[in-house]
Amino acid sequence: MHDFLTRLPKIELHLHIEGSLQPEMMFALAERNGIELPYSDVDEVRRAYDFQDLQSFLNLYYQGMNVLRTADDFFDLAWAYFQRSHADNVRHSEFFFDPQAHLARGVSLDVQFEGLNRARQRAETELGITSAIILSFLRDQSEESAIETLEAALPFREHFIGVGLDSAERGNPPSKFERVFARAGELGLHRVAHAGEEGPAAYIKEALDLLHAERIDHGVRCLEDESVVAELAKKRIPLTVCPLSNVYLKVVERMEDHPLPKLIEAGLCVTLHSDDPAYFGGYMGANFTAVQNAFNWPNETWIQLTRNAIEASFISDERRKALLAELDEVAQDAV
Ligand code: ADE
Ligand code: ZN
């Protein structure tokens with residue numbers, strides 16, 4: 001990676017922790033838990049990562065996370081993610097997890113939170129990476145299931161800062177989840193939602209108006225409706241864009257075709273993230289490099305995108321100040 005990009009403090013705001021499961025760990029956990037995988041080796045898993053669209057990825061993603069059974073499994077997963085992210089100078093991470101997918105396998109919320117929290121504590125102490133958890137609802141399941149999950153998670157309220165909405169977007173509009181997001185609002189939780197990845201700009205509008213989303217995850221299809229772009233810009237709603245994910249899931253054909261420059265020119269609060277790094281060719285650093293290879297931006301653009309991510313994060317004023325100071329230090333040397 002370009003030295004300047006390496007040094008930039010990075011803020012991860014769109015990461016599915018289950019999407020950081022590398023094939024090597026998939027095999028190790030399968031063996032530890034006595035689970036048979038439908039692949040003979042790691043290379044065969046990697047060869048299967050040839051996605052046509054979001055659903056073809058989700059099929060493998062849910063199959064892969066099937067190996068996660070114990071608190072140690074969740075710890076190993078998240079700790080590996082933090083160590084890898086440390087190498088890219090990630091300084092803060094607000095990551096999603098999909099509790100419904102694990103509950104369906106009989107893995108309790110207690111087990112999920114215990115493992116994730118142990119890794120978070122170690123990451124903060126040993127790597128200086130702060131983090132927070134966003135509980136994400138699966139939009140291809142019912143709203144009743146989402147409500148049940150939120151209520152079941154209340155004993156763990158102190159361990160997550162917000163709710164999100166992920167999984168198969170087409171045919172599962174935000175409007176389906178209006179009540180559960182209202183309940184999350186009453187509980188004082190932050191609210192974010194995937195919208196406008198494969199779904200239309202109208203889903204972004206719904207996520208804003210009906211779910212009161214504070215950030216839109218992806219959101220790249222907002223450009224199909226000028227009024228949605230105008231609203232996002234006026235309210236300064238961050239779009240957590242995942243460039244390599246968009247290429248791997250064929251939202252765009254090549255990185256050079258990515259609408260990032262248009263989103264930035266439209267005055268939107270764009271931030272860059274890795275989504276499912278084990279499946280989409282890399283972590284934050286790989287995303288930054290791929291974007292820079294395609295667009296060759298000046299340092300100022302990268303500084304602005306980092307400033308956007310610090311602004312968009314759900315952190316304390318004190319932590320925000322510290323991250324801005326880290327950014328200023330790198331910026332002073334570079335411009
Ligand atoms: N779950 C994991 N990654 C996702 C993505 N890119 N879109 C929707 N749901 C997801
Ligand atoms: Zn995502």
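None of the figures in this text is laboratory data; all of them are computed from the coordinates on show. What you see is a predicted model; the values in this text were computed from it and never measured. Cβ: placed from backbone, ideal geometry, glycine included. Neighbour counts: every protein chain shown.
Miscellaneous remarks
- The lone exception for Ile264 - which of (1) assigned to a helix (DSSP H, G or I); (2) within 16 Å of ligand 2 (Cβ to nearest atom); (3) in contact with a strand residue (DSSP E or B) (Cβ under 8 Å, 6 or more places away or on another chain) it fails: (2)
- Candidate set from the stretch 19-70 (those that are polar (S, T, N, Q) and in a helix (DSSP H, G or I)); member that is nearest to Pro277 (Cα to Cα): Ser20
- Residues within the stretch 71-98 that are in a loop (DSSP other than H, G, I, E, B) and closer than 24 Å to Gln141 by Cβ, tallied: 1
- Single unsatisfied condition, Asn246 versus (1) within 16 Å of ligand 2 (Cβ to nearest atom); (2) in contact with a strand residue (DSSP E or B) (Cβ under 6 Å, 6 or more places away or on another chain); (3) within 25 Å of Ile303 (Cα to Cα): (2)
- Residue match in the stretch 142-151 (condition: without any contact (Cβ under 8 Å) to a residue 60 or more places away in the chain and in contact with a strand residue (DSSP E or B) (Cβ under 6 Å, 6 or more places away or on another chain)): yes
- Flag for Ala278 being in contact with a Leu (Cβ under 7 Å, 6 or more places away or on another chain), in a loop (DSSP other than H, G, I, E, B) and of a type outside the set (Asp, Glu): yes
- Residues of the stretch 252-259 include at least one that is farther than 20 Å from Leu13 by Cα, free of Cβ contacts under 8 Å to residues at least 12 places away in the same chain, among the acidic types (Asp, Glu) and part of a loop (DSSP other than H, G, I, E, B).
- Restricting attention to the stretch 115-133, the residues that are in a helix (DSSP H, G or I) and buried (at least 18 other Cβ atoms within 10 Å of the Cβ) total 6.
- Single unsatisfied condition, Ala153 versus (1) within 16 Å of ligand 1 (Cβ to nearest atom); (2) in a helix (DSSP H, G or I): (1)
- One residue stands out in the stretch 1-27 among those that are over 21 Å from Asp98 (Cβ atoms) and either within 16 Å of ligand 1 (Cβ to nearest atom) or among the basic types (Lys, Arg) (or both): the one that is farthest from the chain's Cα centre (by Cα), namely Arg7.
- Unique match (being within 20 Å of Ile133 (Cα to Cα), hydrophobic (A, V, I, L, M, F, W, C) and within 20 Å of the chain's Cα centre (by Cα)) among Ala168, Ala182, Ala201, Ala195: Ala195
- Qualifying residue in the stretch 310-329 (condition: touching a Leu at 6+ places or on another chain (Cβ under 7 Å), surrounded by 21 or more Cβ atoms within 10 Å (Cβ to Cβ) and of a type in the set (Ser, Thr, Tyr)): yes
- Residues that are farther than 28 Å from Pro9 by Cα, away from ligand 2 (no atom under 16 Å from the Cβ) and assigned to a helix (DSSP H, G or I), drawn from the stretch 99-113: His102, Leu103, Leu109, Asp110, Val111, Gln112
- Residue pairs whose Cβ atoms lie under 8 Å apart, sitting 6 or more positions apart in sequence or on different chains, and linking a residue in the stretch 227-248 that is without any contact (Cβ under 8 Å) to a residue 60 or more places away in the chain to a partner that is within 12 Å of ligand 2 (Cβ to nearest atom) and aromatic (Phe, Trp, Tyr), are Leu244/Phe280; Ser245/Phe280; Val247/Phe280.
- Yes/no for Ala30 being over 18 Å from the mean Cα position of the chain (by Cα), in contact (Cβ under 8 Å) with a residue 24 or more places away in the chain and more than 30 Å from Asp3 (Cβ to Cβ): yes
- Residue match in the stretch 134-141 (condition: polar (S, T, N, Q) and not in a helix (DSSP H, G or I)): yes
- Filtered residues of the stretch 186-221 (kept if assigned to a helix (DSSP H, G or I), more than 16 Å from ligand 2 (Cβ to nearest atom) and surrounded by 18 or more Cβ atoms within 10 Å (Cβ to Cβ)): Ala201, Lys205, Glu206, Leu208
- Members of the stretch 259-294 found to be surrounded by fewer than 23 Cβ atoms within 10 Å (Cβ to Cβ) and charged (D, E, K, R), listed by number: Lys262, Glu265
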